[in-house]
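Trainee: Input: one structure, supplied below.
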Ligand code: FES
């Protein structure tokens, strides 16, 4: 199984092909996913520090919108884990003050 290392948390095993946002949440991180993975909200964004992820598709690029975000961030609801990764989570319930993470992102 691939290993996803979450900065500030540590390494966790990830089921091959599982959505990254669900791997992160399953590791106990209160990552936001306010739109449930449509993708529209961008609150699930992460920085991929190491490892390979699938190329960004049009819907993800449209949601991120700003060139600097497209360059540096990915939407974790749009990534299926295929190999070892190291990621930094940006928005959490705790650091945002939101009242909840959002609807479950379906696999
Ligand atoms: S863009 Fe909203 S959960 Fe990923």
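No value in this document is a laboratory result; all are computed from the given coordinates. Note that the coordinates shown come from a computational prediction; the quantities given were computed from them, not determined experimentally. Here Cβ is always computed from backbone atoms with ideal geometry, including for glycine, and neighbour counts include all displayed protein chains.
Trainee: Restricting the first residue to the stretch 59-86 and requiring it to be touching a residue at least 12 places away in the same chain (Cβ under 8 Å) and under 18 Å from residue 34 (Cα atoms), which pairs with a second residue that is away from the ligand (no atom under 16 Å from the Cβ) and assigned to a strand (DSSP E or B) meet a Cβ separation below 6 Å and a spacing of at least six or different chains?
Mentor: Nothing qualifies.
Trainee: Among the listed residues 14, 59, 50, 63, which satisfies the condition of being farther than 26 Å from residue 99 by Cα and within 12 Å of the ligand (Cβ to nearest atom)?
Mentor: Answer to the selection: 59.
Trainee: What number of residues in the stretch 10-60 are within 14 Å of the chain's Cα centre (by Cα) and part of a helix (DSSP H, G or I)?
Mentor: Residues that pass the stated criteria total 8.
Trainee: Let me ask another. Have a look at 81, 105 and point out the one that is away from the ligand (no atom under 13 Å from the Cβ) and crowded, with 18+ Cβ neighbours inside 10 Å.
Mentor: Working: 105 fails: away from the ligand (no atom under 13 Å from the Cβ).
Exactly one residue qualifies, and that residue is 81.
Trainee: Moving on to the next point. Taking the stretch 29-40 on its own, how many of its residues are near the ligand (Cβ under 8 Å from one of its atoms) and closer than 14 Å to residue 104 by Cβ?
Mentor: Qualifying residue count, the stretch 29-40: 7.
Trainee: Also, I was wondering about something else. Which residue is surrounded by the fewest Cβ atoms within 10 Å (Cβ to Cβ), if the candidates are limited to the stretch 39-52 and must be in contact with a helix residue (DSSP H, G or I) (Cβ under 8 Å, 6 or more places away or on another chain) and closer than 19 Å to residue 85 by Cα?
Mentor: Of everything passing the filter in the stretch 39-52, 47 is surrounded by the fewest Cβ atoms within 10 Å (Cβ to Cβ).
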